[in-house]
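The values are calculated or read from the model by the stated rules, or taken from the named source; none is laboratory data. The structure displayed is predicted, hence computed values, not measured ones. With ideal geometry, Cβ positions are generated from the backbone for all residues, glycine too; neighbour counts draw on all protein chains shown. Surface areas here come from the heavy atoms of the whole protein model, side chains and all, with no ligands, DNA or RNA. Shrake-Rupley method; radii C 1.70, N 1.55, O 1.52, S 1.80 Å.
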Amino acid sequence: MENFEPKENGEWGVGSGEEARELLAGSKGEEFSPLLPAPRPSAFFQYPIPKTQLLLHLIPIIGFFPSLWTLYRGQGSREQLAISRMSITLALTWLLGYLLLGTGAATSDFFPLRFFILNSFLTSGYFLVSVWLILRLMQGKSGRLPGFTTLAERVLGKYLS
């Protein structure tokens, strides 16, 4: 009795067993059931994200825009979405602090120099944290900041992605 197996043209029908087994054999020689279609990558299968793309999201000020685009599309790996949320939160926190300290320096009669110094510390801190995160990612370590990543996921996780 002949086997009911797929033919070379993709249709199902009666064919010789050896031809069908060779056709259905995978790259490592394993055989698939003739009644089930060959496995295909799932829709949720994520290809690894190149490190350079993740590093782009962490560049101070400039990385805000690719991060925003990634979250707007809602497509990307879990790691890429987490890095994007953190990058946006870092940039918006820095921008808010920069504007508040700049406004305070412009309107204050008592402490304008102190506000400018604090503003420069805030900006330097933002750049140093970004460079530190870039170096951690290059070493293959986690790109998370304790507390800050949780804040980013809680605030931006609701609205984006």
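Could you say which residue among SER77, SER124, SER108, SER120 is polar (S, T, N, Q) and touching a helix residue (DSSP H, G or I) at 6+ places or on another chain (Cβ under 7 Å)?
The conditions single out SER108.
Can you name every residue in the stretch 143-161 that is within 18 Å of ILE59 (Cα to Cα) and open to solvent by 60 Å² or more (accessible area, probe 1.4 Å)?
Across the stretch 143-161, the qualifying residue is only ARG144.
Those residues that are open to solvent by 40 Å² or more (accessible area, probe 1.4 Å) and either touching a Gly at 6+ places or on another chain (Cβ under 7 Å) or under 15 Å from GLY125 (Cβ atoms) (or both), I need them from the stretch 67-91; list them, please.
Scanning the stretch 67-91 gives no hits.
Determine whether the stretch 28-46 contains at least one residue that is modelled with pLDDT of 80 or more and assigned to a loop (DSSP other than H, G, I, E, B).
The answer is no; no qualifying residue exists.
Quick one: which helices (runs of 4 or more DSSP H) lie wholly within the stretch 63-161 and hold at least 1 residues that are within 18 Å of PRO50 (Cβ to Cβ) and among the small types (Gly, Ala, Ser)?
64-73, 78-107
Please tell me if PHE64 is at pLDDT 85 or above, among the aromatic types (Phe, Trp, Tyr), open to solvent by 30 Å² or more (accessible area, probe 1.4 Å) and within 30 Å of SER130 (Cα to Cα).
Answer is yes for this residue.
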